[in-house]
Amino acid sequence: MEITFQHVGKRFGNELVAQDIDLQIGQGDRLAILGPNGSGKSTLLRLAGGFITPTIGTISYRLNGTAVPPELVYRHMSLAAPYLGLYEDLRLEEAIDLHARFKAFRSGVQAGDVPAIALLEQARHKAIRDLSSGMRQRLKLALAILSDTSLLLLDEPASNLDANGIAWTQELLKEHLDGRTLLIASNRQAEETVHCTSQYEVLPS
């Protein structure tokens, strides 16, 4: 997925969160979006994924040379983020099956494989509400990374993870990046952006 920001700005009420962003993200790029808390990293990531629309400027998308309408970007995108909710009343395996109804998994990955891949095999029958924050984060990351999407967005992926969880994330990404476009919003954590090859600095407005 190629993404082009042209003079993009975003305002929430009277608050200007992002302004005058000109950014070209090529297909297969691995971009780290860096900046302090409150600088607008998550806003830029959500703009890139089409979750929110710019107040000014335009964002355009191309996949394998063909234009993708902004309203259809969701078909080609997966996201893991701290603010992304899970249905807490579902069992873990039910949550995975529900996800698979909307986003197919990558070639060779079946829904039944995901608990083991996410190191959650022993919790497959547990309700989401009974999982620890680290287990929930591994589930979010596994669902995003293992989805068959060309655009992968990760917002502070090391949140709630210990050293083993971070190492697991790095290895899973390594196995499933190939030609995908990767954007990671990070509060300057090197362990989160180890696979990124370029960076964009977001400064507070």
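Residues that are under 23 Å from residue 43 (Cβ atoms) and of a type outside the set (Val, Ile, Thr): does region 123-130 have at least one? No, that holds for no residue.
The numbered conditions (1) in contact with an Asp or Glu (Cβ under 7 Å, 6 or more places away or on another chain); (2) closer than 13 Å to residue 152 by Cα; (3) among the aliphatic types (A, V, I, L, M) are all true for residue 3 except (1). Touching a Phe, Trp or Tyr at 6+ places or on another chain (Cβ under 8 Å), buried (at least 19 other Cβ atoms within 10 Å of the Cβ), touching a residue at least 12 places away in the same chain (Cβ under 8 Å) and of a type in the set (S, T, N, Q) - does that describe any residue in region 73-85? No, every residue in region 73-85 fails to be touching a Phe, Trp or Tyr at 6+ places or on another chain (Cβ under 8 Å), buried (at least 19 other Cβ atoms within 10 Å of the Cβ), touching a residue at least 12 places away in the same chain (Cβ under 8 Å) and of a type in the set (S, T, N, Q). Check region 164-181 and report whether any residue there is surrounded by fewer than 22 Cβ atoms within 10 Å (Cβ to Cβ), farther than 19 Å from residue 109 by Cβ and of a type outside the set (A, V, I, L, M, F, W, C). Among the residues of region 164-181, at least one is surrounded by fewer than 22 Cβ atoms within 10 Å (Cβ to Cβ), farther than 19 Å from residue 109 by Cβ and of a type outside the set (A, V, I, L, M, F, W, C), which makes the answer yes.
Readers should treat all values here as calculations from the given coordinates under stated rules, not as data from a laboratory. Just so you know, these numbers come straight off a predicted model, no measurement behind them. No Cβ is skipped: glycine too gets one built from the backbone with ideal geometry, and neighbour counts run over all protein chains shown.
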